[in-house]
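**Q** Below is the structure I would like to discuss, written out as structure tokens.
Values in this text are rule-based calculations from the coordinates and carry no lab data. Quick caveat: nothing in here was measured; it's all calculated off a predicted structure. Cβ placement follows ideal geometry from the backbone for every residue including glycine, while neighbour counts extend to all protein chains displayed.
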Amino acid sequence: MEQIRYIVVGALLALIGGFISQRYQNHLDQIKEDENLLFQVACLLLGYYPLIKRKHNHAPTANNTLKLKNEEVTFCDNLSKIAIRIRTKRYRSLAVRLTKFALDDIFRTEDNLASLTHDVQLAINTPMIKKYESEMKDLLELLKKRIKNQQTK
């Protein structure tokens with residue numbers, strides 16, 4: 001009787017362990033999928049910069065306006081479809097901002113685009129971006145010191 005109890009407890013522990021392992025693996029897979037989606041978003045956002053420049057630099061002809069509007073609609077459609085697929089809590093607020101940017105003209109500004117691009121790049125590779133920013137800050141401080149030294153001479 002006691003052996004049966006140990007067998008049942010062992011089977012239950014194996015089932016619980018398998019369930020926990022599967023849930024954790026699903027979580028890791030979702031994080032990896034979200035990081036791939038963020039990479040796609042970064043590529044889309046970087047591709048939107050030339051569209052903004054063409055939009056502001058070209059004379060508004062009917063054909064040109066239609067072509068630019070079509071490209072913008074395609075961009076917004078692709079961005080919103082990708083942003084909606086981001087599901088982890090870590091990137092949820094970023095996904096909401098991306099969706100707002102894609103679906104609402106009010107949020108589609110150059111400042112917002114720059115902010116989103118920076119945040120997406122930061123989400124993709126935080127350590128590298130932070131190191132780059134700290135090195136740039138150190139470089140700026142060094143340049144300021146050199147300029148100050150040259151002015152005092």
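**Q** Of HIS118, HIS56, how do they rank once you tally other Cβ atoms within 10 Å and put the fewest first?
**A** Going from sparsest to densest Cβ surroundings: HIS56, HIS118.
**Q** With mean projected area of the Cα convex hull in nm² in mind, check (1) 16.6; (2) 14.0; (3) 13.5 and report the label derived from this structure.
**A** Given (1) 16.6; (2) 14.0; (3) 13.5, the calculated one carries the label (1).
**Q** In addition: Beyond a 22 Å Cα-Cα separation, which of these cross-linked pairs lie in this structure: LYS32/LYS81; LYS69/LYS100; LYS55/LYS100; LYS69/LYS89?
**A** Those over the limit are LYS69/LYS89.
**Q** With the contact rule set at Cα under 8 Å and sequence spacing of 6 or more, what percent relative contact order holds for the chain?
**A** Result for the chain is 24 percent.
**Q** Something else about it: Please list, or write none, the lysines whose alpha carbon is within less than 25 Å of the alpha carbon of LYS137, excluding same-chain residues fewer than 8 places away.
**A** LYS137 reaches LYS145, LYS148, LYS153.
**Q** Might you report the magnitude of the Cβ-based charge dipole of the chain about its Cα centre, with Lys and Arg at +1 and Asp and Glu at -1, to the nearest 20 debye?
**A** Roughly 540 debye, rounded to the nearest 20.
**Q** Nearest 500 deg cm²/dmol is fine: what mean residue ellipticity at 222 nm does the chain get from its DSSP H runs of n ≥ 4 alone, each adding -39,500 (n - 2.57), divided by its residue count?
**A** -31000 deg cm²/dmol
**Q** Here's a follow-up. Among residues other than PHE107 whose Cβ falls under 14 Å from its Cβ, what is the net charge (Lys/Arg +1, Asp/Glu -1)?
**A** Summing Lys and Arg as +1 and Asp and Glu as -1 gives -3.
**Q** What nm distance separates the two modelled labels at ARG92 and TYR49, each placed 7 Å from Cα along Cα→Cβ?
**A** The modelled label-to-label distance comes out at 3.2 nm.
**Q** If you rank CYS43, CYS76 by fewest surrounding Cβ atoms within 10 Å, what's the result?
**A** Ascending Cβ contact count within 10 Å gives the list CYS43, CYS76.
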